[in-house]
Amino acid sequence: MSQRGIAQKTKDEHTMSIRRGMMTRNYLMTWDLDKCVGCQIGPTACPKEALTHVPAVLENGRIVKKSSVEVDEKKCVNCGICVVSCPTHAIDITINGKPEIPVIEYEAFPELIAKTIFRRELFNFTLKDFVIDNCPTGVISYDESRDTMRIDFDNCIHCRQCEVASKGAFEVRQPWAGSVTLETSRCVEGCLACADICPTRALHINDDGRLALADYYCIKCGACMQVCPIKPVYEDETFEFESQGMKLTRTLKKLTNEDQLPVRVDRWRVNHTPVSSAAWVEALRKLSDDKAKMVEIDRKRALRREDLIRALKQDKVSPDRSNRPK
């Protein structure tokens, strides 16, 4: 029996992949499970609900097996939305052996805009080892032949560690604007799981052995909320939006227990290339919190909302860097 068009899934401790061979197009999607932090962004954005969250295993408040994702290869349509959305670049897709993301190629989804820029003329090269050591993903290196710093842009998660360590010679622009808050009084005693999973060390254990937050480093992935023993509780809420002259109705999950959560991540706005599609509107509405609702769904009506007016004012003000770690 021909296997054409039928997805073939393989998985080991470090990698998960789906192969699907068609007449003229051969798809390969690969998840790097070492990079994955189980942030829930992929499962939330997936329009086919093909991705599900795999919870972490904790012992005495520490992670012994980190959170991850599972994929149902029968539901996956290789659209690439999870590839675009993944904050840690844990997912790749190739078609006929070449990188290609269908939802980007067919303009159904935007590219998220994020940059890490190095300005050599501003850099004190005595700090190069310090900057390299501070990068949590190991994507910064020193090019001795050219006497400059190199960035592996394909794997940079734009955490801002280099920006702070270099005293501004690196400039980082993150895709998501938002906030992260930590209320240690609500934590389960002895639990430090969120510091274990945080890919940027925004949540970390300080010199006193206590959980601490350096919010400037947060990339708004939300992995900390997923690993916390005090889980977010959601209820279904329907919303309507218009796309290409049609009114559509979708359901999203609304957080109901924010006053009980030790750690909370909110996503307000996202920087992206221009696009107008139902797939993007639906994903945005699921991924962003209430401060962002209606911003891109109905901009004219949103302009009259006080929360958007405040958000627009914030865009004109440089980031508050008073909370940067020293």
What's the exposure ranking of Y234, Y217, Y27, going from fewest to most Cβ atoms within 10 Å? Y234, Y27, Y217
With label points built 7 Å along Cα→Cβ from the Cα atoms of V57 and D208, find their separation and express it in nm. 3.4
Separation of the T148 and N134 label points, Cα + 7 Å toward Cβ, nm: 2.2
Put +1 on the Cβ of every Lys and Arg and -1 on every Asp and Glu Cβ in the stretch 115-156; which of I140, I117, I151 then has its Cα farthest towards the positive end of the dipole? I117
Under 13 Å from the Cα of K11 - aspartates and glutamates, other chains or at least 8 residues apart: D32, D34, E70, D72, E73
FRET efficiency estimate (nearest 0.05) - Cβ-Cβ, E70 to K254, R0 30 angstrom: 0.75
The stretch 70-141: Rg/Rh from Cα coordinates, Kirkwood Rh? 1.13
Contact order normalised by residue count of the stretch 1-45, Cα under 8 Å, 6+ apart, percent: 28
Chain lengthening between T15 and E171 when straightened (0.36 nm per residue, less Cα-Cα): 53.0 nm
Run the Debye formula on the Cα coordinates of the stretch 1-129, all scatterers equal and no solvent, and tell me log10 I(q)/I(0) at q = 0.21, 0.23 1/Å. -1.22, -1.40
On each of the three principal axes of the Cα atoms of the chain, give max minus min coordinate, whole Å, ordered largest first. 61, 51, 45
Pairs K98/K254; K167/K253; K74/K254: which exceed 32 Å Cα-Cα? K98/K254; K167/K253
Which loop trypsin sites (Lys or Arg not before Pro) in the stretch 173-252, with loop taken from DSSP, have no more than 14 other Cβ atoms within 10 angstrom of their Cβ? R210
At a Förster radius of 25 Å, what calculated FRET efficiency corresponds to the Cβ-Cβ distance of S276 and Y234, to the nearest 0.05? 0.35
Per residue of the chain, what 222 nm ellipticity follows from adding -39500 (n - 2.57) for every DSSP H run with n ≥ 4, rounded to the nearest 500? -4000 deg cm²/dmol
For the pair E105/R201, report the inter-label distance in nm, with labels modelled 7 Å from Cα in the Cβ direction. 3.9
For S85, S141, ascending order of other Cβ atoms within 10 Å (fewest first) is S141, S85
Taking only the alpha carbons of the stretch 115-173, the radius of gyration and the largest Cα-Cα distance, Dmax, both in angstrom, are 10.0, 28
Using the Kirkwood formula over every pair of different C-alpha atoms, what hydrodynamic radius in Å results for the stretch 121-253? 17.7
Applied in sequence order to the stretch 110-115, the curve 6.51 cos²θ - 1.76 cosθ + 1.60 (Karplus, θ = phi - 60°) yields integer Hz couplings, x standing for Gly and Pro, of x, 7, 6, 8, 9, 9
Pairs beyond 28 Å (Cα-Cα), from K9/K35; K75/K247; K65/K115: K65/K115
For K231, which aspartates and glutamates qualify as cross-link partners when the Cα separation must be under 13 Å and same-chain residues fewer than eight apart are set aside? E258, D259
Measuring from its Cα centre, the stretch 43-140 shows a charge dipole (+1 at each Lys and Arg Cβ, -1 at each Asp and Glu Cβ) which, in debye to the nearest 20, is 260
Could you give the dipole magnitude of the chain about its Cα centre, charging the beta-carbon of Lys and Arg +1 and that of Asp and Glu -1, in debye to the nearest 20? 700
Dipole magnitude of the stretch 115-173 about its Cα centre (Cβ charges: Lys, Arg +1; Asp, Glu -1), debye to nearest 20: 240
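Read-outs: derived from the displayed coordinates by stated rules, not from any lab. This is a predicted model, so every value here is computed, not measured. In this analysis, Cβ positions are derived from the backbone assuming ideal geometry, glycine residues included, and neighbour counts consider all displayed protein chains.
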